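S.K.: There's a structure below that I have some questions on.
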Amino acid sequence: MSQNRWLATGNFFTSYKQEQRTFFTHLDRTIFTCFLVLLFGWPLVFEISNKYMLVLDNILIAIVAVMGLNLLLGFAGLISIGHAAFVGIGAYTVASFSQVIGDNHVFITHFWPVVIVCAGIMGAIFGAFVGLPALRLKHLYLAIATLSFQMIFEWFIQFMSFFNQGQTIYVGRVHWFTGMVGRSDHYLFWYYIILIFVVVLGFGVRNLLKTKYGRCLVAVRDNDRAADAMGMNPGLTKVYAFALAGFFAGVAGALHAYLYRGVGFESFTLHASVGYLAMAIVGGLGTLNGIFWGPVAIKFLDIQVEQFSEFVGHYLTYAPNVATALKPLSFGLVIVLFLMYEPRGIANWWRIVKSYTKLWPFRY
Amino acid sequence: MAHLKISDVTLSFGGLKALSHVNMNIEPGLITSIIGPNGAGKTSMLNCISGFYHPTKGKILYKEKDLSHASPHQVSTMGIARAFQNLELFSGLSVLDNLLLARHQNLTYSFFHAAVFYGKASRVEAENRKFVEDIIDFMELEPYRKNLVGNLSYGIQKKVEVARALTLDPEILLLDEPMAGMNIQEKEDIVRFVMDIQKERNVTVVLVEHDLGVVMDISDQIYVLDFGEVIGSGTPDEVANNPKVIDAYIGED
């Protein structure tokens, strides 16, 4: 390595370990650190209403869930239309703790990180189980198999009195070192916690993708016959991919349960599953940064449409609720447009911008 | 002692017999070729050895172990690697990643090491990267290391296919028509690589090939298949003078 580690120019690798770095130059690392500091620091300076804080929390939770879905769909090439059900498994793990030991038990209020990890493991177990059809099924048929899991999940929750027939099951307020997290700090507190989860899990995914546990996913996607000949067990790899996706979904579900302080089945319907799929596609399948773009874009679109329909609502007084009509319309339109014109998602725009700025101000 | 012993292997799909009562001895350190007209069962034979098909009858013994019911990933860990006839590469990955994938069984870190990517995972990755670089050097793939495999030309992809099989560090390398669809120059290159693989890396090579000129030049031993049966075997000279083989290729007078 040359002396100037701030620029990519003139730096050559002299060992294979150097090539494993996540950040190749000091500049990359600094920009990333600044970005993180900004993400953690801005609530200290600005104050926004709980309504918008909740939106941010939702985006972050969606990022955790889409991490799993992108690994499954983008990297391992296995379609899942039941991702919201996996998220639901995580949330209902918390809910069943709350049903059995009471919603204000110390385990739920004080040991909530353990509960969240438990929910993730539960998601992974269910993921592995639902992944079993992937040993035999591919493409559309696998999609139908996962869809049926979504249906079974919804049916199961709605008909079990243990789960309150899908009505809200309360989860207590959590405690931090400073005592109970109160009503005013609730959303801010969870913003920080979910952000920490996103960063840790994000780095986890980044590392996995550099190792055999990430490569084997792509191998199975591209050619499972060859993967078999290269010493991987394709069936096991597919089940592992589902378990991994289930883990992320489970964590997202537990975070969702804690954030809303309750679990109801409406958040984990087929509609939500399609939403996660849309986020994964719009973000960019099979890319790491797509995981972050997708949820931000879709949720941002949601807010914009809401504001727009409020604006239109002033003029169309006879229309009862413009938002109900516009939301699914714009959502569907965005998916179709992305599939048609940018199937590689926003991550591709990011790639283009990056390669352009790399050379700027020179053309080539 | 025979390295790989194929005794009385029969493979049938319903009423169709792809292979019937095939006997072969693959001797260690030699280049053994399997030739025959189209549909003679050459690729079926390779599929049986590498575990994609399981023979209906008969046994495939490798170092006293029966391979006839092993799955492909078990066979590949035992030291038998295979390059495919139609390119079966991971087209969305770089050449480097394709080769690293073949090191899958040798990357011995745990999932949690991988998630943290510190210590063991990093070290083992670097070690295996070194091995992969040796193969890249050996197969002269240096310029394409970071290229996506799907974007490379056919000839290079064929080379990557061979390199990937070689990255498994096998004792026996099964090559299924490595020269199909190549021009003379590329063919000469591959022939040179096959001979280098045998001599420098001490790998036993099993070659399925249509180009008889190449086969007669480099093989130590040849088996001729026709309609799923072995109709001749021996050194190139013996096979070339075998009347049954001449019949199968040129037809009877």
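S.K.: Since B:SER91 meets every condition but one in (1) touching a residue at least 60 places away in the same chain (Cβ under 8 Å); (2) not in a strand (DSSP E or B), which condition does it not meet?
M.R.: So the condition that B:SER91 fails would be (1).
S.K.: Next question. Suppose we filter A:GLU310, A:GLU266 for residues that are more than 14 Å from chain B (Cβ to nearest Cβ), over 30 Å from A:SER98 (Cβ atoms) and surrounded by fewer than 24 Cβ atoms within 10 Å (Cβ to Cβ); which single one remains?
M.R.: A:GLU310
S.K.: Next question, about the same structure. Yes or no: the stretch B:26-33 includes at least one residue that is buried (at least 22 other Cβ atoms within 10 Å of the Cβ) and farther than 20 Å from B:THR235 by Cα.
M.R.: no
S.K.: If you go through the stretch B:61-70 one residue at a time, do you hit one that is surrounded by 20 or more Cβ atoms within 10 Å (Cβ to Cβ), hydrophobic (A, V, I, L, M, F, W, C), touching a residue at least 24 places away in the same chain (Cβ under 8 Å) and in the same structural domain as B:GLU177 (by TED's automatic domain parsing)?
M.R.: The answer is no, given that none of the residues of the stretch B:61-70 is surrounded by 20 or more Cβ atoms within 10 Å (Cβ to Cβ), hydrophobic (A, V, I, L, M, F, W, C), touching a residue at least 24 places away in the same chain (Cβ under 8 Å) and in the same structural domain as B:GLU177 (by TED's automatic domain parsing).
S.K.: Among the residues that make up the stretch A:319-331, is at least one of them under 19 Å from the mean Cα position of the chain (by Cα), under 23 Å from A:TYR52 (Cα atoms) and in a helix (DSSP H, G or I)? Give the steps one after another, and end with the answer.
M.R.: In the first step, residues of the stretch A:319-331 are kept if they are under 19 Å from the mean Cα position of the chain (by Cα); the result is A:331.
Applying the additional criterion that residues be under 23 Å from A:TYR52 (Cα atoms) yields A:331.
Filter once more, so that each one left must be in a helix (DSSP H, G or I): A:331.
Checked the stretch A:319-331: at least one residue is under 19 Å from the mean Cα position of the chain (by Cα), under 23 Å from A:TYR52 (Cα atoms) and in a helix (DSSP H, G or I).
S.K.: Next up: Looking only at residues that are within 17 Å of the chain's Cα centre (by Cα) and of a type in the set (Ser, Thr, Tyr) in the stretch B:69-111, which one is nearest to B:LYS158 (Cα to Cα)?
M.R.: Ranking the candidates gives B:SER76 first.
S.K.: From the list A:GLY231, A:GLY262, which one is under 24 Å from B:LEU166 (Cα atoms), in contact with a Ser or Thr (Cβ under 9 Å, 6 or more places away or on another chain) and modelled with pLDDT under 90?
M.R.: A:GLY231
S.K.: Can you say whether A:VAL251 is more than 11 Å from the chain's Cα centre (by Cα) and of a type in the set (Val, Ile, Thr), as far as the supplied structure shows? Working first, answer last.
M.R.: Numbers: more than 11 Å from the chain's Cα centre (by Cα): no; of a type in the set (Val, Ile, Thr): yes.
Judged against the criteria, A:VAL251 is not a match.
S.K.: Among the numbered criteria (1) farther than 16 Å from B:ALA102 by Cβ; (2) part of a loop (DSSP other than H, G, I, E, B), which single criterion is violated by B:LYS199?
M.R.: Only one criterion is unmet by B:LYS199, namely (2).
S.K.: Test each condition in (1) more than 14 Å from chain B (Cβ to nearest Cβ); (2) closer than 14 Å to A:ALA280 by Cβ for A:ASP57 and report the one that comes out false.
M.R.: (2)
S.K.: Going by what's in this entry, would A:ILE196 be described as out of contact with any helix residue (DSSP H, G or I) (no Cβ under 7 Å at 6 or more places or on another chain) and outside any loop (DSSP other than H, G, I, E, B)?
M.R.: It is true that A:ILE196 is out of contact with any helix residue (DSSP H, G or I) (no Cβ under 7 Å at 6 or more places or on another chain) and outside any loop (DSSP other than H, G, I, E, B).
S.K.: List every residue pair whose Cβ atoms sit under 6 Å apart, with the two residues 6 or more apart in sequence or on different chains, where the first one lies in the stretch A:213-234 and is assigned to a loop (DSSP other than H, G, I, E, B) and the second, anywhere, is of a type in the set (A, V, I, L, M, F, W, C).
M.R.: Cβ pairs passing all conditions: A:ASN223/B:PHE90; A:MET230/B:LEU101; A:MET230/B:ALA102; A:MET232/A:CYS216.
S.K.: Within the stretch B:215-253, which residues are among the hydroxyl-bearing types (Ser, Thr, Tyr) and assigned to a strand (DSSP E or B)?
M.R.: B:TYR223, B:SER233, listed by residue number.
S.K.: Of B:VAL215, B:VAL224, B:VAL191, B:VAL205, which residue is closer than 18 Å to B:PRO28 by Cβ and modelled with pLDDT of 85 or more?
M.R.: Checking each option against the conditions leaves just B:VAL205.
S.K.: Now for a different question. Of A:GLU306, A:GLU266, A:GLU310, which residue is touching a residue at least 40 places away in the same chain (Cβ under 8 Å) and of a type in the set (D, E, K, R)?
M.R.: A:GLU266
S.K.: Can I ask one more? Could you tell me whether any residue of the stretch B:36-43 is small (Gly, Ala, Ser) and surrounded by fewer than 21 Cβ atoms within 10 Å (Cβ to Cβ)?
M.R.: yes
S.K.: Ok, one more. Please tell me if A:PHE149 is exposed (fewer than 14 other Cβ atoms within 10 Å of the Cβ), part of a helix (DSSP H, G or I), touching a residue at least 60 places away in the same chain (Cβ under 8 Å) and not basic (Lys, Arg).
M.R.: The answer is no for A:PHE149.
S.K.: Taking the conditions exactly as written (under 24 Å from B:GLY181 (Cα atoms), assigned to a helix (DSSP H, G or I) and in contact with a helix residue (DSSP H, G or I) (Cβ under 9 Å, 6 or more places away or on another chain)), does B:GLY150 satisfy them or not?
M.R.: yes
S.K.: Something else: Given the conditions (1) at pLDDT 85 or above; (2) part of a loop (DSSP other than H, G, I, E, B); (3) away from chain A (no Cβ under 14 Å), and given that B:HIS54 satisfies all but one, which numbered condition is not satisfied?
M.R.: All conditions are met except number (3).
S.K.: For A:VAL251, only one of the following conditions fails: (1) more than 30 Å from A:PHE107 (Cα to Cα); (2) within 14 Å of another protein chain (Cβ to nearest Cβ). What is its number?
M.R.: (1)
The values are calculated or read from the model by the stated rules, or taken from the named source; none is laboratory data. Just so it is clear, the structure is predicted and the values come from calculations on it, not from any experiment. Note that each Cβ is placed from the backbone with ideal geometry, even for glycine, and that neighbours are counted across all protein chains shown.
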